[in-house]
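Everything on this sheet refers to the single structure shown next.
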Amino acid sequence: MDPNTAWDAMLMAYAAKQWSDALHFAEALKAWLDRGGFPPHPTIGSSTGSHTMQPDEQLSRAIVVAACDHICRHCLLETSKLA
C-alpha cells in the first residue's frame, strides 16, 4: 500500500462528499497503520501560510489517525442519512 496515495485519495473523496470512497480509504489507512505501516507525510502550515512543515513520524501518525477517525465517523453518519 502507498499510504501517501491513500491519504490523498481519502481527502479528495471526503472533499467531494464521496462518502463510501472516503470511508474505504480511511479504513484501509487505519488498518495499514495498525499493522505497523509507516504514515503518509501530510504537510501542515500556519493559518497565514507563512510557515509550513513536514511533521516527524509520530506527529504524522497522530494527525492521520485523528483524521481517519473523524472521516470514518462522518462518512458513516452521512451514509446512514441516505439509507
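No value in this document is a laboratory result; all are computed from the given coordinates. Predicted, not measured: the structure shown is a model, and the values here were computed from it. Neighbour counts run over all protein chains shown; Cβ positions are idealised from the backbone, glycine included.
Apply 1/(1 + (r/R0)^6) to the Cβ-Cβ distance of Ala62 and Leu82, taking R0 = 41 Å, and write down the FRET efficiency to the nearest 0.05.
Given R0 = 41 Å and the Cβ-Cβ separation, E is 0.85.
Below 8 Å between Cα atoms, with a sequence gap of 6+, how large is the relative contact order for the chain in percent?
Reported relative contact order: 31 percent.
Let me check I've understood the local charge: for Leu77, count other residues with C-beta under 14 angstrom from its C-beta, Lys and Arg +1, Asp and Glu -1. What total comes out?
Summing Lys and Arg as +1 and Asp and Glu as -1 gives +1.
Helix-only mean residue ellipticity at 222 nm, the chain, DSSP H runs n ≥ 4 weighted -39,500 (n - 2.57), per residue, nearest 500. What is it?
Calculated mean residue ellipticity at 222 nm is -22500 deg cm²/dmol.
May I ask you to give the average projected area over all directions of the convex hull of the Cα atoms of the chain, in nm² rounded to one decimal?
5.8 nm²
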